[in-house]
Amino acid sequence: MSEKIAHAYQALTPDIVMDALASVGLYGDGRQQALSSYENRVYQIHLEDGPVVVAKFYRPERWSESQILEEHAFSAELMEAEIPVIGPLVLEGETLHHFGGFAFSVSPNRGGRAPELDDPDVLEWIGRFLARIHTVGAARSFATRPALNLQSFGTESRDWLLGHDMVPLDVQSAWAKVAQEALDLIAAYPCLGPSDAHHDASAESIRMIRLHGDCHPGNILWTPLESPTASGPGPHFVDLDDARSGAAVQDMWMLLSGDRQQCTRQLGALVDGYEQFREFDRRETALIEPLRTLRLIHYSAWLARRWGDPTFPINFPWFGSSDYWQGQVQMLEEQIEAMQEAPLVV
């Protein structure tokens with residue numbers, strides 16, 4: 001990554017943020033708070049006339065304009081279907097705007113707390129909304145946004161890390177070996193990578209649909225019944241920045257935690273809610289550990305690619321050391337074992 005792109009956000013001063021909003025007719029009263037976001041820069045802005053909005057400034061050259069607009073269109077479809085997704089506002093006829101060399105969007109501000117994922121009723125409620133998101137997602141395909149698969153998350157990430165000498169020499173051989181073993185196992189799943197004649201070809205029929213893509217607990221805000229927001233009580237989904245095509249289970253597995261018994265119970269609650277609106281293909285449970293493995297490799301590459309952004313060394317000081325990469329070797333070895341176990345049964 002070039003110095004210009006790596007440090008692009010250094011030019012995004014508080015004045016530029018306020019001037020950008022003013023360019024679309026929104027005037028802040030001076031109160032501006034940076035929200036937690038590493039990939040983009042996101043700010044909560046208090047407007048002069050009272051409302052609070054959230055402005056997102058997209059990382060230059062991460063997505064093309066057409067890819068960002070596809071995300072916005074997907075959000076609009078979901079909101080039109082009365083699904084509690086927080087999408088960008090239409091300002092002066094557009095959802096995507098440009099100012100000072102940055103592309104940005106503005107969304108309404110919505111509060112909420114982390115969902116209580118140990119509560120089966122909460123998981124069932126989330127499952128119902130995931131099914132509705134996926135019903136909309138299955139109605140058409142993305143034209144420009146990529147798929148989540150072996151190549152995009154696994155092979156490309158592995159090759160970039162090794163090609164840029166990001167893995168220390170004392171760990172490089174061990175990491176490369178275990179990463180290749182993991183990727184070889186994932187390649188056995190036709191919907192994630194190349195088909196393999198030694199495995200069940202029926203897996204090819206698992207359908208790839210438009211997804212939230214990054215449905216971890218931090219991207220679900222929960223509003224209790226006693227204090228609902230404009231989007232109503234229950235969950236509302238934020239940050240479709242990683243929306244991609246993939247298997248439906250991608251939007252479920254990051255909500256699971258604990259031992260096998262706990263994960264089975266949690267997935268069962270999600271599926272109970274999901275199937276009130278949409279059938280869940282149980283073959284997809286076999287993809288949970290391969291998807292977890294792909295995310296593990298992709299996450300290391302994401303940190304390495306962003307290391308020129310001063311925010312990353314500050315917030316991830318542990319990244320890049322030999323100890324970090326030795327830990328990655330161990331986690332990949334554990335994932336290789338997990339991928340060879342029987343999938344969860346719901």
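The values are calculated or read from the model by the stated rules, or taken from the named source; none is laboratory data. Computed from a predicted structure; not experimentally measured. Virtual Cβ from ideal backbone geometry, glycine too; neighbours counted across all protein chains shown.
I want to confirm something. Restricting to segment 297-311 and keeping residues that are among the aromatic types (Phe, Trp, Tyr) and assigned to a helix (DSSP H, G or I), which single residue is surrounded by the fewest Cβ atoms within 10 Å (Cβ to Cβ)?
Only one residue fits best here, namely 299.
If you take the residues in segment 35-60 that are among the small types (Gly, Ala, Ser) and surrounded by fewer than 12 Cβ atoms within 10 Å (Cβ to Cβ), which one is modelled with the lowest pLDDT?
Among those residues, the one meeting the criterion is 50.
Just one of (1) in contact (Cβ under 8 Å) with a residue 60 or more places away in the chain; (2) touching a helix residue (DSSP H, G or I) at 6+ places or on another chain (Cβ under 6 Å); (3) surrounded by fewer than 19 Cβ atoms within 10 Å (Cβ to Cβ) trips up residue 319, so point out which.
Condition (1) is where residue 319 drops out.
Would you mind finding the one in 336, 297, 288 that is in contact with a Lys or Arg (Cβ under 9 Å, 6 or more places away or on another chain) and at pLDDT 95 or above? Show your work before the answer.
Values: 336 fails: in contact with a Lys or Arg (Cβ under 9 Å, 6 or more places away or on another chain); 288 fails: in contact with a Lys or Arg (Cβ under 9 Å, 6 or more places away or on another chain).
Testing whether each residue is in contact with a Lys or Arg (Cβ under 9 Å, 6 or more places away or on another chain) and at pLDDT 95 or above leaves just 297.
So residue 189 fits all but one of (1) surrounded by fewer than 19 Cβ atoms within 10 Å (Cβ to Cβ); (2) at pLDDT 65 or above; what number is the exception?
For residue 189, the failing item is (1).
Hey, any hits in segment 237-253 for a residue that's basic (Lys, Arg) and either in a helix (DSSP H, G or I) or over 25 Å from residue 155 (Cβ atoms) (or both)?
no
Residue-wise test of (1) part of a helix (DSSP H, G or I); (2) surrounded by fewer than 18 Cβ atoms within 10 Å (Cβ to Cβ); (3) in contact with a Pro (Cβ under 9 Å, 6 or more places away or on another chain).
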residue: 269; (1), (2), (3): yes, no, yes
residue: 277; (1), (2), (3): no, yes, no
residue: 285; (1), (2), (3): yes, no, yes
residue: 295; (1), (2), (3): yes, no, no
residue: 313; (1), (2), (3): yes, yes, no
residue: 325; (1), (2), (3): yes, no, yes
residue: 328; (1), (2), (3): yes, no, no
residue: 342; (1), (2), (3): no, yes, no
residue: 345; (1), (2), (3): no, yes, no
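Out of 108, 84, which single residue is at pLDDT below 95, buried (at least 19 other Cβ atoms within 10 Å of the Cβ) and of a type outside the set (Phe, Trp, Tyr)?
So the residue among 108, 84 that is at pLDDT below 95, buried (at least 19 other Cβ atoms within 10 Å of the Cβ) and of a type outside the set (Phe, Trp, Tyr) is 84.
Would you tally the residues in segment 245-262 being surrounded by 24 or more Cβ atoms within 10 Å (Cβ to Cβ), touching a Cys at 6+ places or on another chain (Cβ under 8 Å) and not polar (S, T, N, Q)?
Qualifying residue count, segment 245-262: 3.
Say whether the condition of being of a type in the set (Lys, Arg) and free of Cβ contacts under 8 Å to residues at least 40 places away in the same chain is met by at least one residue in segment 123-142.
No.
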